[in-house]
Amino acid sequence: MRKFLPIAYLLTLLTGCATSNQVSNTARSSIEERLLISSFEQALARLDTQEFKGKTVTVDFYGLTSDKDFAKEFFTAWLEEQQVQIATDPKQAQLHLKVFAPVLAVDQGQSFVGAPSFTVPVLGFAIPEISLFKNVKHSGHAEVKIYTIDGATGKFVDQSPPAIGEAQYDDYTIMIVVHFTRSDIDQRKWDWEPGD
């Protein structure tokens with residue numbers, strides 16, 4: 001029985017060191033949220049708003065995800081920043097903007113060389129992932145298109161070409177201990193990177 005006691009201690013230590021949990025209280029991580037906003041901002045920057053400046057407009061925003069409500073408010077604030085007046089009463093609007101965001105999403109892909117984590121059968125302890133090389137790619141995508149309708153007649157006036165924005169966040173691990181990140185989203189003063 002005493003022969004197995006050191007093995008039991010070792011297994012207990014390995015189990016304690018091998019497991020880690022990630023707890024998130026939100027539907028998305030902060031990185032995913034920043035990727036969405038960054039790609040959406042890039043798409044908006046590609047839109048031409050010259051025909052709307054100085055005019056009063058109403059905005060109907062359509063999207064395929066639950067983010068469309070936030071995106072509508074963000075788009076409306078962005079329009080106001082571009083010197084476009086937003087009508088509180090749709091009857092007073094000179095133009096009616098139908099804004100479509102068919103793409104507003106974050107994709108994730110992974111490349112991995114090494115041994116994945118696994119649980120030892122019967123004993124029930126976890127062996128950690130041992131990565132010789134690991135790359136987790138997150139990419140944010142946004143597409144926006146505006147259809148302009150005359151407020152008085154209800155007739156179609158114009159449509160914008162699709163405005164597309166993309167943002168990247170790549171997380172690398174080499175030989176278990178070397179970890180770095182490459183990203184094109186803006187760093188903010190409160191940013192921290194995993195492992196800092």
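The values are calculated or read from the model by the stated rules, or taken from the named source; none is laboratory data. Please read all numbers here as calculations on a predicted model, not as lab measurements. Positions of Cβ are generated from backbone atoms using ideal geometry, with glycine treated the same way; all protein chains shown enter the neighbour counts. Ligands, DNA and RNA are stripped out before the accessible areas are found, and what is left, the full protein with its side chains, is counted by its heavy atoms. Shrake-Rupley method; radii C 1.70, N 1.55, O 1.52, S 1.80 Å.
Just a few scattered comments:
- Residue match in region 143-151 (condition: assigned to a loop (DSSP other than H, G, I, E, B), open to solvent by 70 Å² or more (accessible area, probe 1.4 Å) and more than 16 Å from Leu35 (Cβ to Cβ)): no
- Region 156-190 - residue that is on the phi < 0 side of the Ramachandran plot, loosely packed, with under 13 Cβ neighbours inside 10 Å and outside any strand (DSSP E or B) and, of those, modelled with the highest pLDDT: Pro161
- Taking the listed residues Gln82, Gln94, Gln108, the one that is open to solvent by 30 Å² or more (accessible area, probe 1.4 Å), within 23 Å of Pro162 (Cβ to Cβ), at pLDDT 90 or above and not hydrophobic (A, V, I, L, M, F, W, C) is Gln82, with no other qualifying.
- The listed residue being under 23 Å from Gly154 (Cβ atoms) and β-branched (Val, Ile, Thr), out of Val57, Val120, Val103: Val57
- Residue check, Lys72 among the basic types (Lys, Arg), under 25 Å from Ala27 (Cβ atoms), in contact with a Phe, Trp or Tyr (Cβ under 7 Å, 6 or more places away or on another chain) and surrounded by 15 or more Cβ atoms within 10 Å (Cβ to Cβ): yes
- Count - residues of region 68-96 that are in contact with a Gly (Cβ under 7 Å, 6 or more places away or on another chain), within 20 Å of Phe156 (Cα to Cα) and not in a loop (DSSP other than H, G, I, E, B): 2
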